[in-house]
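Everything on this sheet refers to the single structure shown next.
Every read-out reported here was derived from the displayed coordinates using simple, explicitly stated rules and does not represent laboratory data. Remember, it's a predicted structure, so these values are computed and weren't measured experimentally. A quick note on method: Cβ atoms are made from the backbone with ideal geometry, for glycine too, and the neighbour counts reach across all protein chains shown.
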Amino acid sequence: MWNQKFNRQDYLYGTEPNDFLRSAAEQLSPNSKVLCIAEGEGRNAIFLAKLGHQVTAMDASEVGLNKAKQLAKKNGVSLKTLVADLADFEMGVSRWDAVIAIFCHLPPSLRKLVNQKIVTALKPNGLFIAEAYSKKQIEHDTGGPKDLNLLMDLNQVKSELTGLDWLLASEIKREIIEGAGHTGLGEAIQLIGIKPNTKPLR
């Protein structure tokens, strides 16, 4: 499905980064090792690479990631890409300084599994940064899934990410203009979680 959606001359969600990520990225440590899941055509990963981070863009769509490589070359940045399915993708243990998920909408059982993997994959003091459409978005025809099960409930998602402390966990109504894919007033949740440093005291 996503190969078909991304098989177009322009970029479905544009080439500029997500507004929320643009502001949240200020909290990343310099030269962070970052994983962007469900990254599509690469706009957010390339933004982070331009800030000097070591970025891996992961997506199930080879077409999307090929466009990400082209965009990275155009922007003069290095970007590692990885074609994989989140259902069996191993993120590792204490591997990443940050995991980014921008409009990554998954079936509930898979979302729960992925969220558990994210907590495990973050290093101590690592950040999880996410924006996604909330269930209220079903009332709008401005982007996102048309299946209520794929839309987010803030409390549910927070419960699936047990092990993180929340720097931000909120619901927001805002204009989301990102290419042809997101085109107007949207209902979203925004998350910034940190994995506590649990090293024992000597």
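Quick notes on this one:
- Ellipsoid semi-axes in whole angstrom, largest first, where each is sqrt(5λ) of the Cα gyration tensor of the chain: 24, 21, 16
- Nearby aspartates and glutamates by direct alpha-carbon distance to K146 (threshold 14 angstrom, same-chain neighbours under 8 apart not counted): E187
- In the chain, taking the dipole from charged Cβ atoms about the Cα centre, the farthest positive-side position among N125, W166, M152 is held by N125.
- Mean Cα-pair separation over length for the chain, i.e. relative contact order, pairs under 8 Å, 6 or more apart, %: 20 percent
- The simple spin-label model puts a point 7 Å past each Cα toward its Cβ; for A84 and S159 those points are separated by 2.8 nm.
- Take the Kirkwood radius over Cα pairs of segment 138-181, plug it into Stokes-Einstein at 20 °C and 1.002 mPa s, and you get 168 µm²/s for translational diffusion.
- Approximate spin-label separation R174-K33, in nm, with each point projected 7 Å along Cα-to-Cβ: 3.0 nm
- Here K74 is the anchor, and the lysines within straight C-alpha reach of less than 24 Å, apart from those fewer than 8 places off in the same chain, are K5, K33, K50.
- Test item: Cα-centred dipole of segment 2-194, Lys/Arg +1 and Asp/Glu -1 on Cβ, debye: 460 debye
- Rh (Kirkwood; distinct C-alpha pairs) - segment 86-169, Å: 13.4 Å
- Ordering I189, I172, I46 from the fewest to the most neighbouring beta carbons within 10 Å gives I172, I189, I46.
- Cα-based Kirkwood hydrodynamic radius, segment 5-112, one decimal, Å: 14.0 Å
- Packing-based order for 107-118, 32-43, 85-96, using average beta carbon neighbours within 10 Å, highest first: 32-43, 107-118, 85-96
- This model, with +1 at the C-beta of Lys and Arg and -1 at the C-beta of Asp and Glu, gives segment 39-114 a dipole about its Cα centre of some 340 debye.
- Nonlocal amide H pairs with E39, under 5 Å, H built at 1.01 Å: M58, D59
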